[in-house]
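Taking it in order: structure first as structure tokens, then the write-up.
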Amino acid sequence: MNNLLILPIVIPLLTGMVLILLRDKVKLQRFLSFLALFLTGVSSIILLNQIEENGIQTLQLGGWEAPYGIGLVGDHFAVLLILTASIVGLCCLHFSFNSIGEALENHFFYPLFLFLMTGVNGSFLTGDLFNLYVFFEVLLIASYVLVSLGGKKVQLREAMKYVVINVVSSSFFLVAIAYLYSVTGTLNLAHLSIRVAESGQDGFLTVIALLFLMVFATKAALFIFYWLPGAYSAPPTAISALFAALLTKVGIYAIFRMFSLVFYHEPQITHVVIGILASVTILLGGLGAIGFWDVKKILTYNVIIGSGFILAGFAAFSQDALTGSIFYLIHDMIIKALIFLIGGSIIFLTGTKNLRDMSGLIRTHPQLGWMFFAATLSISGIPPFSGFIGKVFVTKGLFEADFYWLGIIGLFSSLLILYSMLKIFMNAFWGETILSEEEEKGTDKGLIFPIFLLTALTIALGLFAEGVVPFIQHAAEGLLNPDLYIDAVFNGTWVP
Amino acid sequence: METLIAILIGLLVSIGTYLILSKEMLRLILGLSLITHAVNLLILTSGGLKTGSPPLLSEEGTRFSDSIPQALILTAIVINFAVTAFLLVLSYRTYKLYGTDDLEQLRGNANE
């Protein structure tokens, strides 16, 4: 029992509710939402320390023992992701202070931002399958409103598609939950793990597992990704950066959790399917990234490649591959926020999304240009940046598990990413300066700080990987040994 | 009884799918809500229909109905209610801005 576990959910939720009442006080809203995310980050650091010392922490809400009540479970994997989400959230929030505009700030932008964080943190922490559905809905409903907030034409249209796709996939989520409940008679993740292991994962359960895979693949943009480029490029920069960094990652987290804790008995079916989907995702995302001339489209297709690469590592399901996947997942959250924020600043400055209409920004904005170059190197996996370590571990794991084809596709994806990012760099930053500082459509004043912070983070994560990798190795061990999770939840008591 | 409900669920899902495939926005939303209703029925059936007395401690009755699916449905209905309300408002705003409720005409072009 550890009451700290509820903090990452309760702090943003309560602050968000209070902020609804403070609608007109924009300064106070900014301060309180920043404080809330900061405290969430601090609480996750404390939690991480406790988990490192005493093992997995649990909290059975209302004192109802597992499997009867709904429990929260904090292991290395979940808490590391919460910490990263808080840092990325803080950066996007700071970026929004100077870019989002008074109109949205008065229309519940900050409460929605915090509700989104509530849903994300809740999904990471929950130990109950139906509760996972509820937290998914919390973050989805917040994201529906955030996509359409502002009510521009393109936003409404993309929101419509985004909502319809997600309502359908949520229905399938419920169908899968109902099937699983009628077979096993429980919804607690640890209990599910025991029941599935007892009965053996037969054909029926494997079909249910694939149904879950389809649902989470829709959320994680794994193969079913055609809704993503539109929905992520429609809203303002701070929002699309937050989406790119966090939303697909929650789907990826759910795939990791379900297929390492519950459905891990038939990897030759489920994990191979994940591998195939991941390879197709990488290739199609790569084609999209090199094909477009629209900055935001290129960046959104990079999100899709990232999802594919992380899940490619998961398909191998070994210590090295999982360590790489989790490292790359954390790196990806940081780097996607970073490139979206820089891309948004470019659009802010030039007033256009089309790469053909911009040129030579590096003369007027050297910091922005070099930080984008650093991000390019990091995202395509060049040392000493953080992308390199993740890619090394994933590729090593894939080759050791005899997934040669997947490893080669993963390496090939680096080239596609590098090409697409250099295309932005060369077209936007190199060349003749056609835009003098007076002619710029917007200003990047106040926008540089969060970008600088994220760049520093990706460099630090690469240079001081020695200090971070042990935590991530523990997270991977936790995923490979479901017994650790089960023992922590049931705490040695009798399991019905 | 379970068989009858299963047929009913199938019917609802097929009607919902048909409506989703049409071009009008309102029909799309009605189709979605039919499908979510079908899913709610499915959850109800997953616990087994009418297997014992109500799940309250009492003198008579030794077997009790499973109460968890009902709790799940309640949550699912509330969430779907909220999402459907949001969708209706969204479609109304979209209709106002674009002047059409035909999804074909909402495609947009590459350079916006």
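A few notes on this one:
- A helix-only calculation puts chain A at -25000 deg cm²/dmol for mean residue ellipticity at 222 nm, using -39500 (n - 2.57) for each DSSP H run of at least four residues, averaged over all residues.
- Peptide-level mean, for B:75-83, of C-beta atoms on other protein chains within 10 Å: 5
- Loop sites in the stretch B:9-53: trypsin sites (Lys or Arg not before Pro), DSSP, at most 13 other Cβ within 10 Å: B:Lys23, B:Lys50
- Seen against the Cα atoms of chain A and their longest principal axis, helix A:76-99 is set at about 30 degrees.
- Mean shadow area of chain A, taken as a quarter of the surface of its Cα convex hull (nm²): 21.0 nm²
- Each residue of the stretch A:168-180 was assigned a 3J(HN,Hα) from its phi angle through the Karplus curve 6.51 cos²θ - 1.76 cosθ + 1.60 (θ = phi - 60°); the sequence is 4, 5, 5, 4, 5, 4, 5, 4, 4, 4, 4, 4, 5 Hz, with glycine and proline shown as x.
- The stretch A:287-350 and the stretch A:255-272: distance between their alpha carbon centers, rounded to Å: 23 Å
- Per residue Cα convex hull volume in Å³ - calculated over the stretch A:101-146: 48 Å³
- Where only C-alpha atoms are counted, convex hull volume of the stretch A:221-311 per residue in Å³: 75 Å³
- Computed on the stretch A:349-496, with alpha-carbon pairs under 8 angstrom and 6+ residues apart, the relative contact order is 37 percent.
- Karplus 3J(HN,Hα) series, Hz, for the stretch A:474-479 with 6.51 cos²θ - 1.76 cosθ + 1.60 (x for Gly, Pro): 4, 4, 5, 4, x, 6
- With semi-axes defined as the square roots of five times the eigenvalues of the C-alpha gyration tensor, the equivalent ellipsoid of the stretch A:1-137 measures 29, 16, 12 Å, largest first.
- Among the GluC sites (Glu not before Pro) found in the stretch B:18-110, those both in a DSSP coil and sparsely packed, with 11 or fewer other Cβ atoms within 10 Å of their Cβ, are B:Glu59, B:Glu60.
- Taking the stretch A:133-275 and dividing mean pair separation by its residue count, relative contact order in percent (alpha carbons under 8 Å, at least six apart): 31 percent
- Ranked by how many other Cβ atoms sit within 10 Å of their own Cβ, fewest first, the residues A:Ser182, A:Ser325 fall in the order A:Ser182, A:Ser325.
- Note: relative contact order over chain A, using C-alpha pairs below 8 Å and six or more positions apart, is 16 percent.
- The string of couplings for the stretch A:407-415 from the Karplus curve (6.51, -1.76, 1.60, θ = phi - 60°) is x, 5, 4, x, 5, 4, 4, 4, 5 Hz, one whole number per residue in order, with x for Gly and Pro.
- Among B:Thr17, B:Thr62, B:Thr94, the largest mean-square fluctuation in a Gaussian network model of chain B (Cα springs under 10 Å) belongs to B:Thr62.
- Amide H contacts for A:Ile70 (H built 1.01 Å from N in the peptide plane; partners 5 or more residues away or on another chain; cut-off under 5 Å): A:Leu61.
- Three-way shape label, the stretch A:289-448, alpha-carbon gyration tensor, a/c 1.5: prolate
- For the segment A:158-170, counting C-beta atoms of other chains within 10 Å of every residue's C-beta and taking the mean gives 5.
Every number in this text was worked out from the coordinates using simple rules, so none of it is lab data. Since the structure is predicted, the reported quantities are computational estimates derived from the model, not experimental observations. Methodologically, a virtual Cβ is constructed for each residue, glycine included, from the backbone with ideal geometry; neighbour enumeration extends over all protein chains shown.
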